[in-house]
Each structure stands twice: as C-alpha cells, then as structure tokens.
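Remarks on the structure that follows.
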Amino acid sequence: MRAVLLSCLFGVVCAQAHGAEIPRMVQETESGLSHAYEGPWEFFVGGGAAAFDCNGDRLPDLAIAGGANPARLYVNRSVAGGPLRFEERPLGLDDRRARRALGFYPIDIDNDGLRDLVMLREGRNLLLRGTGDCTFERAGAQWGFDGGSAWSAAFAAHWEADARHPTLAFGNYVDRSAPGSPWGTCEDGVFLRPRAGETPDYAEPFALAPGHCALSMLFTDWNNSGEVALRITNDRQYHLEGEDQLWRVDPERPPRLYRRGDGWRRLRIWGMGIAEADLDADGRPEYAITSMGDTKLQGLDPDEDDDLPTYADIAYDRKATAHRPYAGGDHRPSTGWHAEFADFNNDTLFDLFIAKGNVEAMPDFAAFDPDNLLLGDWSGDFEEAGEAAGIALDRRGRGAAVADFNLDGALDLVVVNRGDAPSVFRNTGPVGAETAGNWLMIDLDQPGVNRDAIGARLSVRIGKRTLERRIAVGGGHASGSVGWVHLGLGVAERARVRVRWPDGDWSHPYEVFANNFVVIDRGAPRAKYWYPPEAEP
Amino acid sequence: MVTEPLSRDAALALSAAELREHGARLFAGKFTDAEGRGRPMSTQAIVPTKRRRAARAAWQRLSGPDAGACGSCHNEPVLGGAGDFATNAFVSEGFTNPDFDTLDPQFSNERGTNHLFGAGFIELLAREMTVELQAQRRAALNRARATGEPVKAPLLTKDVAFGTLIAFPDGTVDVARVEGVDPDLVVRPFGQKGVITSLRNFTINAANAHHGMQAVERFGARWTGEADFDEDGVADELGTGDVTALTVFQASLPPPAGYEPENPAWRAAAARGARRFETIGCASCHRPTLPLESTLFTDPGPFDLAGTLRAGDAEPLAVDLAPLAEAAGFARDEAGRWLIPVSSDLKRHPIADEQVAALGNELLAQRFVAADTFLTAELWGVADTAPYGHRGNLDTLDAAIRAHGGSGRKARDAYAALSDKARDDVIAYLRTFRTAP
C-alpha cells in the first residue's frame, strides 16, 4: 500500500506507464509446414494463406500459396494446448493449376456448410468447392466464373441484401501485356455480383476501373450504415496517377468511386495490406494499411462530417507507424505486407500484427525487416513487442494466418515467407507469467444462406466496455480466415454477446462464461458450448 | 498504522500460523485512507471500472465503500461470523449508477451478511464437485465423439443431481437441462446466489466493493495499466500476499461443529426434529452432510480465472484443514471421506413462487442468475446467526422455513402442516446448529 507520486494525486489522468503484457511466441520447428513461397517477379507480391476448418473438427486448417511452387493444403493435427502440428493433404489440383498461386481466402460460396476456397493466381483464378473432409473440386465452370488471366493479389467477398450467394471482388495487379508495362499499366479489378438462382452464377463481371494495382481489398461498413463499401489499397510503385480507393456499393447498382466531392481524401502509398478494427468501439472502424515505410492507421477525421469518408492518419499519434525495423540495426525503411488486428495477450485491447520483408533485394529498404507485433496499451497507443515476443526473424514475410491453432484460447501465428518456410509461432502465454487473460471464442452459424455470417458484427459486453468484431472475408495480404472469432476478456469472467446478423437484425444478448468456445446458432435461445477433444485422465 | 502490501513470496515465507495471524489482522483491522481505503475514481464492479467523475463521498452506506474492515460486518457471534440487519450489503454490478443512494430494488439487491465459519471446507467441496461434473461432461463428449451419437448424461456429484446435459458428436453441448450450476459446470459456493468461485475471488471483490481496497492481482497495472486504479493516491493497495493471508484466514475459520444439548428434553426433541427434517423433504436440498475426499486447501485454487491469482501464477500454498475437521468431530464414511455437516447441496434453486414469494423479493438478476434463484443456504451455524433469509429480514427459523417457495415449497408446506410440537422439534434440531462448540 504505497503512496504514488504527488504529481498523480490531483490529476485526472493518473495512469502510470505500464507496458502491455508480451505474449511468448514460441517458434515451432516441427509443425509439419514444409513449404516455401518462391518464384520470379510475379511472386514478389502475394504469399498468402487461408485458415479455416475443412473437415468439421473445428480446428483451423491451412491452405498456403506457393508462387512458382505448388500450393499446399495442411490439416491441423494439433491437440488442445499442445504443439502446433499439421499434416499435408492433396489439394486436388493438377500440378499446373496448383502452381502460380498468390493467395487464398476461405468462404462457403454455395451455402452447403462446407468452406470453399478462392485461389488467387498469376493467371486464371480458381474457385475450389469444398466437398468435405478437406477435399475440393474446381467449380469455376459450374458457377459461371471466368478466372480471367490477370495477376490477382487482392480479394474480398460480401453477401449483399437478399442475395443467395456472395458478391466477389478481385483486385488485379500489373497488366504485363500492356504497352509500357509495368509502369502505369495496372489491370482493372473485377466485381462479380451473383445472378439470382440456386447455384452460384458469376457470369456478369463488372470492371472496377480504373484499377491502380491493387494488393488488398476489403468490404467494410465504414460509416456503420449497414451498407458496405469496397476499400482498396493500391501499389504506387506501378500506378502513375492512382491512389487508394473506396467504392460505393449500392444495392443493384454498379459500384462507383467515392471522389473528392464525396469527402474522399487522396492517399498514395505502396499499399500492400489492409486490416480493420473498431478501436474505439464507436461503430466506425479504423484501418491499418501497410506500405513501404510508414504504416498508415486511418480513422474518420474528427474535424469532418461523420457521413463523409474523410480519413485522417493517426498512426503517429498512436505510435503505430512501424516505419523501420525495430531490431537488427538496419535503419532503412520497412516493407509491410499482411496486417491484422487481434488480441494476442488477451488483455481486451487490439494489437496489430504486420508481416514485414523486403520485396526482394530493394537496396533502399531494410534487408533485415522483422515482423511487427504492436501491442495495444491502456493509453490507446501501440508498443512494439516483436523482439521480446520472439517473432523477430530474418525472413521476408508476406501473408499470414492469425488463429488459435491449438485451441487454448491464445492466438497463434503462421507467417508465409518469400523464399523460406513459413514461420510458425505458438502463443504460450505471457512473458514472465504462466497464465494469460481470460478469453472467448465465438463461432456464428446461420441457416440457409451465408452460413458463416460474413458481414455480421459481434458486440461483446464486459462491464462497461464493449468489444467489437466484424466477420469479413478479405483484406490482409492475400490471406484470410473463417471460423472461431477470438476475443481477449482480460479479467472479465462473463460476457454478454450480441450479434448483428448480416441482414441487420440484432440478436438478444447471449450470456456466456469466459475461457470457453461458444457456438451461436441464429435464433437459438442460448449459446452452445463446444469443447476440444480431450483424453480422460 | 500504514501497512505495506505483502507479496506472495513474503506470504509463503510465513508459517501457517503467521499467515493466519496476518489474515486476521487484515480481516479485523480497519483500513485507512493512508492504506488505500476508498475508491474515488473506481466503482464497486468486479471488473475494474472507472467512474466518470469522482465519488461524492468517501463513504457511502449503500453503494460503498461502506465498511472499514471485513470484521465490521462479519462479527456475530465472533470475528468471521454473520451480521445483523444493520450490516446488510447492497449488491449491484457497479457498471451503471455506481453511486445509487436509494433502497429502490432496481438499483441493488439487499443482502444479509453470511458467516464464514468452515468456508475452507465449503470451497473444497465445491472444487471436488466441479471436478466430477466436468469429468462427466468430458466422458459424455468422448462417448458421443466415439459413437457418432448424442449422449444424454446425468450430472451427479456427491449424490447431488445437477440435471442433464446432451453431448453431441461434433463436440457441442446442450446445457438447457443443466440445473443449479452455471453452464461451465463450475460450482460457485459463495455469495447468497452462488456466483463466487473461491474465497480468494470473494476477498478481492469484497475488499474493493466495501473498503475500496484494490488487490494488485485484479486492479493492478497488469490488467488496468495503472498501479493506482482508483486514484486515491495509494498504489498497489492489497498485495497478493495480503489476499493469500485473508484467504487462508477465512479458509481456516473453524467449522460449525454442531451441538449436543445437555437438556434431555431438547436432545430428544432435536433427535425427533432431525428425522422430521428428513421426512418432510428439507434434507433433499439441505443435505445433512457432503463427503469430502481431501482436506488439503491449496491456494491459488484450481478454478479461478484471470483477475484472481491462479494456479500457474504463483507457487502454490497448501493448508491441511484436517485438524479443524478432527477438532469439530466430523465423522468419516467407510471410504475415509470426511462428512462435512454443511447442510446444503451447494446447488442453486428457485426459491419463490406465486403464492410464497417472500424470498423472491429482488428485481435484479446477478451474474446471469435469475432474481428468484439462490444457493441453498448452508445451515451449519444457523442457530447463532439470525436474522435469516438472503435479506436478513426474517427473525426466526420458523419464519425462514415458511418463506420457502419454489423448489422449497413442498417441504415448506409439509412443515406448515405439522403439529406445533412437530414443528418445535424441527426448530429444536436447527437450534443445535451452533457456530462453534
């Protein structure tokens, strides 16, 4: 019971500096993920992974792009709380099609309860229909999907109102066949709204023109209206007069760009990845956008009208610029790729993971460029903890999967590296302590259409605070996840969960206990608890 | 006197007697503002919660802080005991309206002060029950997964039934028919509602709510970013060692031992009353004894969550309560288990209905437990701890029995239908439930 400093006695803000708890990320060297993302210039970008359950055991499995190497599928064989273990399974593609993949996103397109895969490629993109037990079949022709011949590195999907199947958006990179390529020859993106019918039918593409060499895109409810827009980050390395984009997506109308007159403010960066999180739980998400040099952290400009998509950069204020390596002594600017908000230390605060790595051998940018783990602290800032957490490796990171692979309530991490095996990190709890904060894992399920409730919002109440999560397919860098949604609960032992389902209906509150996996079936009076397999003593 | 917070290591360096003594000092001594009493910028909530503006008063009888010491209320008939109506606590979540200054039940639930004698045994019983219930769930899930068929599993521990669960082959569990315990199957034996897992957890909650003494392990910098979360100018108010000492002190309070009346008429009446207590159904919830496998009280306990010191956070400490059981003369069964005369099933029941609604007098659910549902009160010590009922507003044992509705209605009606003499026998029996020999 010691007295605090006098300066603290009369101040309203009395918080003493205290570092966020650092998760101990132990590198797993025998995970079974033996794979490298490699290849020529076309694969300097990309290198993504999808984390999703493909065999119904609720453990996240992995599909990983290989660039010039074949893409691979790994079934998760980890036991609860144990080391991360994966076992390779055939992806079901011939060798030619398995190669030239840049990334994967999981999504149940045909509403059969089995997750499908969108495979982004340099060349024809593929839709792989899940057929159970981690088997897949090509479904492009069956679903009226022309994979095109572009070089695709970005993808996002969303169920529009009353649609039976998701709207798909593909972001394309450089058109190498255009005169003057690669400078100023960005390929247009593709917007695929499904035709009505029982079977997915994507035979009516719409060009997202102009394209500015997209490397990440995300459907986002930027103004909490219930209507999404399509946020795209573009690589200024190759576009000439381009910029990042926000497409307005009105029902039954072609997307149209938000322009200066709509409040959109020009942003020109080497955009590589997008992540969204509602950091202040006001219903309007903030965005992390990776680049070469500064990472951007954008929030709606408080000096502008709320209904205008006018963003201000708050990365500097929040100490989240991550603009150069924090370790290794290389002071040249960083190159950021995958970005993802998550709570790695279960303290209730969002952290930000950024995969880093030189494009290949760009001399003006850091060669040793470790991935970032920016931990959110109680002042609202972020603190770099990559080195202390154990993820500061000499790798060229690209895409990543953040998921609880061993179902112990702590988020693990798999980073896809260019020219090297994936980095696999098991989160073993905080540095200097044996136990972490409380947690909750939530899986949403709705009958009929959009089984995984893509577009839903989770609003989790602990005490006076509300933790928000949005279920989305897209963003990051060529990587996505579907399945358990993780929340750190800190010292809360209980939580009330409400779901805003994709059609806008709010659920009643579900009262659940911490440190549990809960499944919320739409309309069910109570949440179901789920338990990982566990041997009897 | 201003005390320094006791670290866990310092607590472990103490002998059990010294630790209990330190716990007794903390329990009985009145905290001062120099030690951190008061919480001007923090509410009574169990999750650290800031106020928007400073509390208007350093003391507040309803919303707290409302006591200088634990012993200010827990003192009848001796330290660690229950409290009269004047010591009632006003329980609210503390997330909204933290400064309520009204008895209006829409803001708080008014609760009497329970005694803590034998609390260590109660926690040990609950731990063993939790282990068994969770093992039954695990077995049902394994069977469902192995057979591919749903498995309906009755939940039974220490001969107390907690309903049934259905385990599905996909690993999900339907808890709609689980009764008297939370869906996570953790038996929480403390508080009138049965919503508190452990003495340690209770100590941290109560120290903040009633004294504004904030435990480092919940309100400290690790979980709030601040060493002085309540902004009273004192950092790290209760160390993990302090909470350990308080926990050990409470766990080591002697259990009520029962009483063998010297008066032959009383003795005979009590014997008849004991039989009657069984036959009219009181004992179906107020189980005369619950068997306990092990008397080893470990701290931290196995089922606390973050915000209360957990196994793995610190080197464990063990105190054997067997000497207390021996001193109290507890019997053992043929398996060697101690028979703890707690007179409860440690299960929650609805205790009010349309006709008999006296105990359904609350408006607010508490931690997901319905307003009319309470833990079966442990009757050991009941003879020395009037008044009764969760609000402490029932003067006599007779009144308390007659107030039972809901799950207790049938036994209550049977009691009411007894002759005066038979009812007197039941009361005579309950009057032997003394706090200490």
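The values are calculated or read from the model by the stated rules, or taken from the named source; none is laboratory data. Treat the numbers as computed from the prediction; the structure is a model and nothing was measured. Note that each Cβ is placed from the backbone with ideal geometry, even for glycine, and that neighbours are counted across all protein chains shown. Heavy atoms of the whole protein, side chains included, go into the accessibility calculation; ligands, DNA and RNA do not. Shrake-Rupley method; radii C 1.70, N 1.55, O 1.52, S 1.80 Å.
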Inset, instruction - Compute the distance in nm between two label points, each set 7 Å from the Cα along the Cα-to-Cβ direction, one at A:ARG465 and one at A:ALA178. - result: 4.6
Legend entry - Cβ-based net charge around B:ARG177, under 12 Å, with every Lys or Arg adding one and every Asp or Glu removing one: 0
Inset, instruction - Using a 1.4 angstrom probe on the protein heavy atoms only, line up A:CYS213, B:CYS285 by accessible area, largest first. - result: B:CYS285, A:CYS213
Inset, instruction - Compute, for A:ARG461, the solvent-accessible surface of its heavy atoms (probe 1.4 Å) with the complete set of protein chains present, and express it in square angstrom to the nearest 10. - result: 100
Legend entry - DSSP loop chymotrypsin sites (Phe, Trp or Tyr not before Pro) with at most 15 other Cβ within 10 Å excluded, longest remaining stretch of chain B: B:60-367
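Where in chain B lies the longest segment free of trypsin sites (Lys or Arg not before Pro) that are both loop residues by DSSP (not H, G, I, E, B) and have at most 15 other Cβ atoms within 10 Å? Write down the numbers at each step before the final one.
Working: sites that count: B:LYS30, B:ARG52, B:ARG53, B:ARG56, B:ARG61, B:ARG177.
The reported range is B:178-437.
In Å², what does the accessible area per residue of region B:148-190 work out to with a 1.4 Å probe? Intermediate results must be reported in sequence, preceding the final value.
Details: 1550 Å² over 43 residues.
Accessible area per residue, region B:148-190: 36 Å².
If you put +1 on each Lys and Arg Cβ and -1 on each Asp and Glu Cβ, how big is the dipole of region A:38-90 around its Cα centre, in Debye rounded to 20? Could you put the intermediate results ahead of the total?
Working: 5 positive and 7 negative charges, 33 e Å.
Roughly 160 debye, rounded to the nearest 20.
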Legend entry - Order of exposure, largest accessible area first, which applies to A:TYR531, A:TYR173 with probe 1.4 Å: A:TYR531, A:TYR173
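Considering only protein heavy atoms and a probe of 1.4 Å, how much of the accessible area of the protein assembly as shown is carbon and sulfur, as a whole percent? Intermediate values should be presented prior to the final figure.
Working: 18240 of 35760 Å².
Within the protein assembly as shown, the accessible surface is 51 percent carbon and sulfur.
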Inset, instruction - Any chance you could check region B:161-186 for residues losing 30 Å² or more of accessible area when the partner protein chains are in, compared with the chain on its own (1.4 Å probe)? - result: B:ASP170, B:THR172, B:VAL173, B:VAL175, B:ALA176, B:PRO183, B:ASP184
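Tally Lys and Arg at +1 and Asp and Glu at -1 over the other residues with C-beta under 11 Å from the C-beta of B:ALA153: what net charge comes out? Intermediate values should be presented prior to the final figure.
On the way: positive: B:ARG137, B:ARG138, B:ARG143, B:LYS152, B:ARG177; negative: B:ASP174.
Summing Lys/Arg as +1 and Asp/Glu as -1 gives +4.
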Legend entry - Listing of region B:119-142 residues, each with accessible area lower by at least 10 Å² in the full protein assembly than in the chain alone (probe 1.4 Å): B:ARG137, B:ARG138, B:ALA139, B:LEU141, B:ASN142
Legend entry - Under 15 Å, Cβ to Cβ, from B:LEU397 - net charge with Lys/Arg +1 and Asp/Glu -1: -1
Legend entry - Inter-label distance, nm, simple model (7 Å from Cα along the C-beta direction), A:ARG256/B:ALA176: 5.0
Inset, instruction - Would you mind checking the pairs A:LYS464/A:LYS528; B:LYS30/B:LYS50; B:LYS193/B:LYS421 and listing those with alpha carbons more than 30 angstrom apart? - result: B:LYS193/B:LYS421
Inset, instruction - Using only alpha carbon pairs under 8 Å that are at least six residues apart, calculate the relative contact order of chain A and give it in whole percent. - result: 15
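Provide the gained length on full extension for the span A:ALA141 to A:GLU536, in nm with one decimal, where the gain is 0.36 nm per separating residue minus the Cα-Cα distance.
137.4 nm
Taking the Cβ-Cβ separation of A:ARG266 and A:ALA196 as r and a Förster radius of 35 Å, what is the calculated FRET efficiency to the nearest 0.05? Could the numbers behind the result be given before it?
Numbers: r = 38 Å, r/R0 = 1.07.
With a Förster radius of 35 Å, E is 0.40.
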Inset, instruction - Quick one: angle between helix B:119-147 and the longest Cα principal axis of chain B, in degrees between 0 and 90, rounded to 10, please. - result: 80
Inset, instruction - Set Lys and Arg Cβ to +1 and Asp and Glu Cβ to -1, take the dipole of chain A about its Cα centre, and tell me which of A:GLY299, A:ASN346, A:PRO509 lies farthest positive. - result: A:GLY299
Inset, instruction - Would you mind calculating the gained length between A:MET362 and A:ALA207 on full extension (0.36 nm times residue separation, minus the Cα-Cα distance), in nm to one decimal? - result: 52.6 nm
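Calculated from DSSP H runs of 4 or more alone, at -39500 (n - 2.57) each and per residue, what is the 222 nm mean residue ellipticity of chain B, nearest 500?
On the way: 12 runs with 124 residues, N = 437.
One gets -8500 deg cm²/dmol as the mean residue ellipticity at 222 nm.
How big is the B/A interface in buried accessible area, both sides summed, 1.4 Å probe, to the nearest 100 Å²? It would help to have the intermediate numbers written out before the result.
Details: alone 18860 and 21470 Å², together 35760 Å².
Result for this pair: about 4600 Å² buried.
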Legend entry - Distance in nm between pseudo-label sites at A:ASP162 and B:ASP33 (7 Å out along the Cβ direction from Cα): 6.6
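Quick one: dipole size for chain A, taken about the Cα centre, charges +1 on Lys/Arg Cβ and -1 on Asp/Glu Cβ, in debye to the nearest 20. Walk me through the intermediate numbers first.
On the way: 56 positive and 82 negative charges, 59 e Å.
It works out to roughly 280 debye.
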Legend entry - Beta bridge orientation in the protein assembly as shown: antiparallel %, DSSP, nearest 5: 90
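Compute the accessible area per residue over region B:1-82, keeping the other protein chains in place, probe 1.4 Å, unit Å². Write out the running numbers ahead of the final one.
Values: 3900 Å² over 82 residues.
Here the per-residue accessible area is 48 Å².
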Inset, instruction - With a probe of 1.4 Å, find how much accessible area region B:257-366 has per residue, and write the answer as a whole number in Å². - result: 46
Inset, instruction - Report the calculated FRET efficiency for B:PHE368 and B:LEU339 (r = Cβ-Cβ distance, R0 = 41 Å), to the nearest 0.05. - result: 0.80
Legend entry - Drop in accessible area of at least 20 Å² in the complex versus isolated chain, residues of region B:286-308, 1.4 Å probe: B:LEU305, B:ALA306
